[in-house]
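Report on the structure given below.
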Amino acid sequence: MYITEVALKIMSEHKVCNSCLGRLFSMLGKNVDNYSKGKAIKTSIYISAYRNLLKGRYRDEIKILETIAKNGGFKPAYDTLKGLNISINEKEFICELCGGLIDKMDEYIYSAIDKLRSIEYNTFIVGVTIPSELVSREDAIRSKFKLPYVEALKKELNRRIGLKMTLLTGKHVEFKMPDVLVHIDFVRRNVNIKTRSVFIFGRYLKLKREIPQNIWICGNCNGLGCTQCNWTGRKYQVSIEELIGEPISKMFNAKKWKFHGAGREDVDARVLGRGRPFVIEIIEPRKRNIELENIAKVVNDLNKELVKIQDLAYVNKSLVKDLKIRAKIAKKTYSVKIKVEGGVSEEELKHLVETFKNIIVEQRTPIRVLRRRADKIRRKRIYSIDTKIISNDVFEAIITCQGGLYIKEVVSGDGGRTKPSFTEILNKKATCLELDVIDVE
């Protein structure tokens, strides 16, 4: 069956605009848009019918002209019938396949562009929501008339809106990682803009003790406020994630932010050396191209003597997962000041160094974190320790180990929950006085 015959059968049952008729045969041919293709099919039907009219074949040809006039919205057919004194009721033509959405595209395009004026972006992607009945009708026509060359309505809308927005804005469509998602909802009749998160990798140094990495809610009132937390709802009034996240979020004019750390240190531990790796996720930013040096300067100037960030780099989202996985196995080095009851000798420390050389430590979840961690045994490796006597009962230990090891419990033994421990090997009670993270791989 010829394309014109199929098209005429479709229009005998449905009102179809030029674009929708063209997209029913979209994959036939290249470099011809659907509108032109649909108009060409209707023109071909019209010319054939008009030729037969000239030959005196009226009945069938008049019916064809009426079909493409009423259900195809084809003006030359209207005019020809009018010239033959055949009246056609020219009601508002609304295509049954797109519901007139194709004609309304510009309204939504300009609305989207207006909303994008205050957003910094280079790439975008378009997504549309259309009424479900249009999808069902399209599927039914495709099946009934056995049409294998159809371009779906959603696909055409996405493509054409994207092309026009590219022409009007100078920005380009990006399918994998667009800066902006433009969602046009033809059902609710609105346009929503969502910007892709910006991810920045860096390392932070914690210069002062008693600052948690994350916001710490008061355990007594669960954040509601009480006398114990001075009605703040928080155990600690500031956190590393806030000191870093809030100023960066403001610089990007973002909706919110999320902090991803490569492990975390104890509240009373400092982080020195190269610093602890982190990724800050800036959610729905309205700006996205800020010099990293400026970001570091703003954060560091605001947080002198508290926290410092360095080695910043723009990264992809995938690094967040890698960071979390890596934190469990990456080497970490700690400086620990330790007090030993009854004093400690060079000979005892030498024995300690030999014992903890490339050893697996079995560590049951420490009592101090048991309320927020699963009670299980972790096996972590200590690669080496170095020691230096500070006084007769205090020494410093430099411990290089696998990530996820609780250092304070390696020192104390935690009542036998960590084996071996410094307390066990020295056969004297050992207590951590000060703890610093001095390197994270």
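The values are calculated or read from the model by the stated rules, or taken from the named source; none is laboratory data. Predicted model only: the values in this text are computed from it and were never measured. Backbone-built Cβ (ideal geometry, glycine too); neighbour counts: all protein chains shown.
So which of LYS176, LYS208, LYS164, LYS258 ends up being modelled with pLDDT of 95 or more and part of a loop (DSSP other than H, G, I, E, B)?
LYS208
Check TYR58, TYR110 and return the single one that is aromatic (Phe, Trp, Tyr), at pLDDT 90 or above and either out of contact with any strand residue (DSSP E or B) (no Cβ under 8 Å at 6 or more places or on another chain) or closer than 26 Å to LYS146 by Cβ (or both).
TYR110
Testing LYS91 on (1) crowded, with 20+ Cβ neighbours inside 10 Å; (2) farther than 30 Å from LEU181 by Cα, one condition comes back false. Which one is that?
Of the numbered conditions (1) crowded, with 20+ Cβ neighbours inside 10 Å; (2) farther than 30 Å from LEU181 by Cα, the odd one out for LYS91 is (1).
Can you pull out the residues in the stretch 56-69 that are more than 25 Å from LEU157 (Cβ to Cβ) and surrounded by 19 or more Cβ atoms within 10 Å (Cβ to Cβ)?
The answer is GLU61, ILE64, LEU65, THR67, ALA69.
Just to be sure I understand, how many residues within the stretch 261-315 are part of a strand (DSSP E or B) and over 24 Å from TYR334 (Cβ atoms)?
So the answer is 8.
Taking the condition of being among the polar types (S, T, N, Q) and more than 16 Å from ILE399 (Cβ to Cβ), how many residues in the stretch 308-344 meet it?
Going through the stretch 308-344 one residue at a time, the tally reaches 3.
Name the pairs whose Cβ atoms lie under 6 Å apart, with the first residue in the stretch 416-441 and over 30 Å from LEU323 (Cα atoms), the second surrounded by fewer than 16 Cβ atoms within 10 Å (Cβ to Cβ), and 6 or more positions between them or separate chains?
Close Cβ pairs (under 6 Å, with a partner that is surrounded by fewer than 16 Cβ atoms within 10 Å (Cβ to Cβ)) amount to THR423/LYS429; ILE425/THR355; LYS428/GLU341; LYS428/GLY342; LYS429/GLU341.
Based on what the data block shows, is ASN52 among the polar types (S, T, N, Q), modelled with pLDDT under 95 and surrounded by fewer than 17 Cβ atoms within 10 Å (Cβ to Cβ)?
yes
Quick check, is ILE325 assigned to a strand (DSSP E or B) and among the β-branched types (Val, Ile, Thr)?
Answer is no for this residue.
Go through (1) surrounded by 15 or more Cβ atoms within 10 Å (Cβ to Cβ); (2) not in a helix (DSSP H, G or I) one by one and return the number of the condition GLU362 breaks.
(1)
ARG160 - would you say it is in contact (Cβ under 8 Å) with a residue 40 or more places away in the chain, within 28 Å of ASN300 (Cα to Cα) and not hydroxyl-bearing (Ser, Thr, Tyr)?
Criteria not met by ARG160.
Output the residues belonging to the stretch 155-180 that are loosely packed, with under 15 Cβ neighbours inside 10 Å and of a type in the set (A, V, I, L, M, F, W, C).
Within the stretch 155-180, LEU163, LEU167, LEU168, PHE175, MET177 meet the criteria.
Need at least 1 residues that are free of Cβ contacts under 8 Å to residues at least 24 places away in the same chain and more than 20 Å from GLY162 (Cβ to Cβ) per element, so show me which helices (runs of 4 or more DSSP H) inside the stretch 43-140 make the cut, counting only ones lying wholly within it.
Passing ranges, in order: 59-70, 75-83.
Tell me yes or no: at least one residue of the stretch 216-231 is within 17 Å of ASN303 (Cα to Cα), surrounded by 15 or more Cβ atoms within 10 Å (Cβ to Cβ) and either within 27 Å of the chain's Cα centre (by Cα) or outside the structural domain of ARG288 (by TED's automatic domain parsing) (or both).
No, the stretch 216-231 contains no residue that is within 17 Å of ASN303 (Cα to Cα), surrounded by 15 or more Cβ atoms within 10 Å (Cβ to Cβ) and either within 27 Å of the chain's Cα centre (by Cα) or outside the structural domain of ARG288 (by TED's automatic domain parsing) (or both).
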